[in-house]
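Asker: One structure, as structure tokens, below. Some questions next.
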Amino acid sequence: MLDDPLKPLVQVDNLKMHFPIYGGLLRRRVGEVKAVDGISFEIKEGETLGLVGESGCGKSTVGRALLRLYELTDGTVKIDDYDIAHASPEKLRKMRPTMQMIFQDPQASLNPRMTVGEIIAEPLREHLKMTKLEREDRVGDLMDQVGLNRDFAKRYSHEFSGGQRQRIGIARALALSPKFIVCDEPIAALDVSIQAQVVNLLEELQETMGLTYLFISHDLSMVRHIADRVAVMYLGRIVELAPRDDIYSEPLHPYTKALLSAVPEPDPSIESKVERVILTGDVPSPSNPPRGCNFCTRCPAVMDICKREEPTFREVLPGRFVSCHHYNDVDEIAVKATAEDL
Amino acid sequence: MPDGALPVLDVKDLKTVFKTRGGEVHAVNSVSFDVKPGELLGVVGESGSGKSVTMMSLIGLLPSPPADVRHGEVLFDGQDLLKIPYNDLRHVRGGKIGFVFQDPMTSLNPVFNVGSQIMEPLRIHMGMKKTAARARAVELLELVGIPDAARRLKDFPHQFSGGMRQRVMIAIALACDPKVLIADEPTTALDVTIQAQIIELVKDLREKLGMAIIWITHDLGVIAGIADRVMVMYGGQVVEQAPVRELFGNPQHPYTRALLETIPSVRGTRAEKLNVIEGQPPILAGAPAACPFRDRCPHRFERCDVENPLRRPVGPSHDAACHHDFGGA
């Protein structure tokens, strides 16, 4: 270890992202969708933070807000000690090379009229002064790195398969040697046998280049594989954040428990023994979240206090954060946990 | 699953070819399978493996041209569905064979309320009067767990959430008491917690109604929990078929084995590195003269390049299409 291994690269504090709803005859602002409503977390250097949740919970919005692809409603985002949320456009542009994104749909995120070489070279052309030859060299190196044949640089993206297209997107994200990459559902559009190829590639690149990932996904089993720590989102809030092994072996929040138990098991002998918590109902609308705890309308362990007061997001065990009234008495949990260890 | 019962649907040697400008694409190649009454057959495969096209061919849902169901027999209810007149076929699908598609938003008509969409098959196939059909529609919505059913008949698809829409689709498919329900990736577009709800619902309905179900998915986890028997497809062919526990416990075909090794789990031990099936799925141009999996297979040998393996028994009610003898059973 060179310096402090726990140095956070990304620090998010009370991030809020509300989108206005316009309505009525005069298109006045009639409300807002609270896509992300006050979340805080850190990502350490070289770490992968998995961000999981169901569709509409705000996980992609978090990823985009972190790179300031949206103007934040409130809160701060620091990447490498630099406040992204309030940076001027010129400063922000200088910061762009350190932070990149890999998108879900490789078909939609690659320009069909550009060759693969041009796509990968575009960030180089925008941010660096390179001669044409240097650029071509770099593109070739990048293609090698992600496992694409460099002879294919003159081809168009439609000539590639889904998995290969995702590799093109990865090569483009790597072009400027970033420190931090937001992977927004990078494997969701791929077949099972191709998913593993892409995940292994991302892991190899992380090892060789010391990358830091925010890995956004709804696939809990893949997140278990790739992430060091996992954050679970529900309706715009993080309900639980913990090291990977802890959260998968002993989830604390009732939503995390239900979510994990709902994942089907690819082994019939284990599958028949899985105790399922089947949640009733649907996720409430983020424009009109329930009073008190967000999850109180579906929670199997709901109490009176949940419908009145919002739980705070706090550390209940070392490294484990939960936002739930069941864990209000921190000392009691610590005692219980040590008792279980003995 | 009643053993030895006569299959309710028996598909033999089905071949479907798409004619394209680039030549013929052999999407379904000599696919044979059957489903017994009350049985749940899982069909697993990646995109392009031919699982949906197989099901669409057997009830004549593919536009022709470009599709051409070239060969085969589909025995259902004492008749061959590939030979009967169009009007008879119309009464089979939606009547005796129900269909649930992946995306409930695009398969429901947005300009009709769900009540009229559930009543439509009842009036066409069962010849019910409006009041009787409405009563049955309410019953069906209650059956699939939609609260306040009578009032919700007047609602339009966009007023339902994704999971609720899929429940409506299931209600429509069940309307005429089908003998076979074909569910094509019914939970793929849904979130895990909603998927768990739908799976519970289908398990429950099968117990109550006793129809046979063909469940198509790419998710082995879903299959493990719900199927009695599993058929694995690759490159337009059935590569392996076995009872669910046998398939997961004793997979024979190299593709099935590799597929089972690539998927991580949220339970049990966590693998440090994921196993990978190298390469890409095959392009199905031209008649298959070799094993479709040969380019990605770790056990490839000369015979794989010159001869397409036939399915052969490798264990009790277990068959696989591979030249290798893994001596499994």
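The values are calculated or read from the model by the stated rules, or taken from the named source; none is laboratory data. Note that the coordinates shown come from a computational prediction; the quantities given were computed from them, not determined experimentally. All Cβ positions, even for glycine, are placed from backbone atoms using ideal geometry, and neighbour counts span all protein chains on display. Quick note on the areas: whole protein, heavy atoms, side chains included, nothing else; ligands and nucleic acids left out. Shrake-Rupley method; radii C 1.70, N 1.55, O 1.52, S 1.80 Å.
Asker: Return the sequence-ordered ³J(HN,Hα) values of segment A:165-180 in whole Hz as given by the Karplus equation 6.51 cos²θ - 1.76 cosθ + 1.60 applied to θ = phi - 60°, using x for Gly and Pro.
Answerer: Each residue of segment A:165-180 in turn: 4, 5, 5, 4, x, 5, 4, 5, 5, 7, 3, 9, 6, x, 9, 10 Hz.
Asker: Over segment B:34-111, what percent of the accessible surface lies on carbon and sulfur atoms, probe 1.4 Å? Before the final figure, lay out the partial values.
Answerer: Values: 1880 of 3400 Å².
That share works out to 55 percent.
Asker: Any chance you could list the semi-axes, whole Å, largest first, of the equivalent ellipsoid that the Cα gyration tensor gives for the protein assembly as shown, using √(5λ)?
Answerer: Working: eigenvalues 356, 225, 128 Å².
Value: 42, 34, 25 Å, ordered largest first.
Asker: With a cut-off of at most 13 other beta carbons within 10 Å, and DSSP calling the residue loop, which trypsin sites (Lys or Arg not before Pro) in segment A:216-298 qualify? Please list them. Let's see the in-between values first.
Answerer: Values: sites: A:Arg224, A:Arg229, A:Arg237, A:Arg244, A:Lys257, A:Lys273, A:Arg276, A:Arg291, A:Arg298; in loops: A:Lys273, A:Arg276, A:Arg291, A:Arg298.
Taking segment A:216-298 and a limit of 13 other Cβ atoms within 10 Å, the loop trypsin sites (Lys or Arg not before Pro) found are A:Lys273, A:Arg291.
Asker: Additional query: Based on alpha-carbon centroids, what's the gap between segment A:175-213 and segment A:277-296 in Å, whole number please?
Answerer: Comparing the Cα centres of segment A:175-213 and segment A:277-296, I get a distance of 32 Å.
Asker: Shape of segment A:187-342 from its Cα gyration tensor (a ≥ b ≥ c, root eigenvalues): rounded if a/c is under 1.5, otherwise prolate when a/b > b/c, or oblate? Spell out each step's value before the answer.
Answerer: Details: a/c = 1.62, a/b = 1.45, b/c = 1.12.
Prolate.
Asker: Okay, moving on. Quick one: what are the phi-derived ³J(HN,Hα) couplings along segment A:41-49, Karplus 6.51/-1.76/1.60 with θ = phi - 60°, whole Hz, x for glycine and proline?
Answerer: Using θ = phi - 60°, the values come out as 6, 10, 10, 7, 4, x, 9, 10, 9 Hz.
Asker: Residues of segment B:269-305 that become at least 30 Å² less accessible with every protein chain present than in their own chain isolated, using 1.4 Å: which are they?
Answerer: By number: B:Arg270, B:Lys273, B:Leu274, B:Val276, B:Gln280.
Asker: Under 12 Å from the Cβ of A:Gly38, count the other residues' Cβ atoms, weight Lys and Arg +1, Asp and Glu -1, and hand me the total.
Answerer: Numbers: positive: A:Lys16, A:Lys34, A:Arg237; negative: A:Asp13, A:Asp37, A:Asp74, A:Glu310.
For residues surrounding A:Gly38, the net value is -1.
Asker: Rolling a 1.4 angstrom probe over the protein heavy atoms, how many square angstrom per residue are accessible across chain B? If you can, show how the numbers build up before the last one.
Answerer: Numbers: 14310 Å² over 329 residues.
With all protein chains present, chain B gives 44 Å² per residue.
Asker: Hey, got the dipole for segment B:239-302? About the Cα centre, +1 on K and R Cβ, -1 on D and E Cβ, debye to the nearest 20?
Answerer: With Lys and Arg at +1 and Asp and Glu at -1, about 200 debye.
Asker: Now a separate question. A:Glu275 versus A:Val30, label points 7 Å from Cα toward the beta carbon: distance in nm?
Answerer: 4.6
Asker: Give the aspartates and glutamates reachable from A:Lys94 as a straight Cα distance under 17 Å; neighbours fewer than 8 places away on the same chain don't count.
Answerer: Partners found: A:Asp80, A:Asp81, A:Asp83, A:Glu122, A:Glu126.
Asker: Taking the Cα centroid of segment B:6-42 and of segment B:102-124, what is the distance between the two, rounded to the nearest whole Å?
Answerer: 27
Asker: Strictly under 4.7 angstrom between C-beta atoms: which cysteines of chain A have no such partner?
Answerer: A:Cys57, A:Cys183, A:Cys299, A:Cys324
Asker: Quantify, in whole percent, the carbon and sulfur part of the accessible surface of segment A:8-341 (1.4 Å probe; protein heavy atoms only). Spell out each step's value before the answer.
Answerer: On the way: 7230 of 14910 Å².
Exposed carbon and sulfur together represent 49 percent of the surface.
Asker: When chain B is treated as a GNM, springs tying every alpha-carbon pair under 10 Å, which of B:Gln166, B:Gln195, B:Gln79 comes out with the largest mean-square fluctuation?
Answerer: Comparing B:Gln166, B:Gln195, B:Gln79 in a Gaussian network model of chain B, the most mobile one is B:Gln79.
Asker: Then there's this: In Å³ and rounded to a whole number, note down the convex hull volume per residue for the Cα atoms of segment B:1-78. Mind showing how you got there, number by number?
Answerer: Details: hull volume 7.4 nm³, N = 78.
In segment B:1-78, the Cα convex hull volume per residue is 95 Å³.
Asker: Sticking with the crude label model, points 7 Å out along Cα→Cβ, report the distance from B:Ile84 to B:Glu302 in nm, one decimal please.
Answerer: Result: 5.0 nm between the two label points.
Asker: Hey, another quick one. Any idea what angle helix A:330-341 forms with the longest principal axis of chain A, computed on alpha-carbon atoms, 0 to 90 degrees, nearest 10?
Answerer: Around 80 degrees separate the two axes.
Asker: For chain B, find the longest principal axis of its Cα atoms and tell me its angle to the long axis of helix B:114-125, 0 to 90°, nearest 10.
Answerer: The helix B:114-125 is inclined about 80 degrees to chain B.
Asker: Now, a different point. If we restrict to alpha carbons, what Rg and Dmax does chain A come to, in Å?
Answerer: Reported Rg and Dmax, both Å: 21.6, 68.
Asker: Quick check: with the 1.4 Å probe, what order do B:Lys36, A:Lys59, B:Lys208 take by accessible area, largest first?
Answerer: Numbers: B:Lys36 40, A:Lys59 15, B:Lys208 125 Å².
Largest to smallest exposure gives the sequence B:Lys208, B:Lys36, A:Lys59.
Asker: Using the Karplus curve 6.51 cos²θ - 1.76 cosθ + 1.60 with θ = phi - 60°, work out ³J(HN,Hα) for each residue of segment B:303-318 in order, rounded to whole Hz, and write x for Gly and Pro.
Answerer: Listing the rounded values in order: 4, 4, 7, 10, 9, 7, x, 8, 6, 9, x, 10, x, x, 6, 9 Hz.
Asker: Output the Cα-based Rg and Dmax of chain B in Å, rounding Rg to one decimal and Dmax to a whole number.
Answerer: Expressed in Å, the Cα Rg and Dmax of chain B come to 20.6, 67.
Asker: Something else now. Short version: which residues of segment B:152-199 lose at least 50 Å² of accessible area, all chains versus chain alone, 1.4 Å probe?
Answerer: So the qualifying set is B:Asp191, B:Val192, B:Thr193, B:Gln197.
Asker: Ok, one more. Quick check on chain B: helices-only [θ] at 222 nm, where DSSP H runs of length 4 and up contribute -39,500 (n - 2.57) each and the sum goes over total residues. Nearest 500, please.
Answerer: On the way: 12 runs with 107 residues, N = 329.
Using -39500 (n - 2.57) per qualifying helix, the result is -9000 deg cm²/dmol.
Asker: Then there is this: For chain A, which longest stretch is free of loop sites, where a loop site is one of the GluC sites (Glu not before Pro) that DSSP puts outside H, G, I, E and B and that has at most 10 other Cβ atoms within 10 Å? Don't jump to the answer; show the numbers that get you there.
Answerer: Details: sites that count: A:Glu71, A:Glu275.
Longest stretch, sites excluded: A:72-274.
Asker: Tell me the angle of helix B:192-209 to the major Cα principal axis of chain B, expressed in degrees between 0 and 90 and rounded to the nearest ten.
Answerer: Helix B:192-209 and the main axis of chain B meet at about 80 degrees.
Asker: If you don't mind, there's one more thing I want to ask. Using amide H atoms built in the peptide plane, which far-off residues or other-chain residues are under 5 Å from B:Val314 H to H?
Answerer: Those lying under 5 Å, H to H, from B:Val314 are B:Asp319, B:Ala320.
Asker: Something else: Can you pull the accessible area of A:Asp228 for me, 1.4 Å probe, Å² to the nearest 10?
Answerer: Counting only protein heavy atoms, the figure is 70 Å².
Asker: For the pairs A:Lys257/B:Lys273; A:Lys7/A:Lys78; A:Lys273/B:Lys208; B:Lys15/B:Lys83; B:Lys12/B:Lys203; B:Lys179/B:Lys203, flag any whose C-alpha to C-alpha distance is greater than 20 Å. Provide the component values of the computation, followed by the final result.
Answerer: On the way: A:Lys257/B:Lys273 26 Å; A:Lys7/A:Lys78 13 Å; A:Lys273/B:Lys208 23 Å; B:Lys15/B:Lys83 14 Å; B:Lys12/B:Lys203 28 Å; B:Lys179/B:Lys203 16 Å.
Result: A:Lys257/B:Lys273; A:Lys273/B:Lys208; B:Lys12/B:Lys203 exceed 20 Å.
Asker: Right, next: Per residue, how large is the accessible surface of chain A? Use a 1.4 angstrom probe and give square angstrom. Please report the intermediate quantities before stating the final value.
Answerer: Values: 15910 Å² over 342 residues.
The answer is 47 Å² per residue.
Asker: Moving on to the next point. What's the buried accessible area, both sides, between B and A using a 1.4 Å probe, rounded to 100 Å²?
Answerer: Numbers: alone 16180 and 17760 Å², together 30220 Å².
The buried area between B and A, both sides summed, comes to about 3700 Å².
Asker: If the elastic network links every pair of Cα atoms under 10 Å, which of B:Leu174, B:Leu81, B:Leu274 fluctuates the most in the Gaussian network model of chain B?
Answerer: Residue with maximal mean-square fluctuation among B:Leu174, B:Leu81, B:Leu274: B:Leu274.
Asker: Follow-up question, since we're still on this one. Where both residues lie in chain B, what percent of DSSP beta bridges are antiparallel, nearest 5?
Answerer: On the way: 31 of 50 bridges.
That works out to approximately 60 percent antiparallel.
Asker: Still on this structure, please answer the following. Explain nothing, just the number: relative contact order of segment A:8-341, from Cα pairs under 8 Å at least 6 residues apart, as a whole percent. Mind showing how you got there, number by number?
Answerer: Values: 581 pairs, mean separation 62.6, N = 334.
Taking the mean separation of contacting Cα pairs over the length of segment A:8-341, I get 19 percent.
Asker: Defining a contact as two alpha carbons under 8 Å apart and six or more residues distant in sequence, what relative contact order in percent does chain B show?
Answerer: Contact order relative to length: 20 percent.
Asker: Using a 1.4 Å probe on protein heavy atoms, which residues of segment B:233-254 have at least 10 Å² less accessible area in the complex than alone?
Answerer: B:Arg245, B:Phe248
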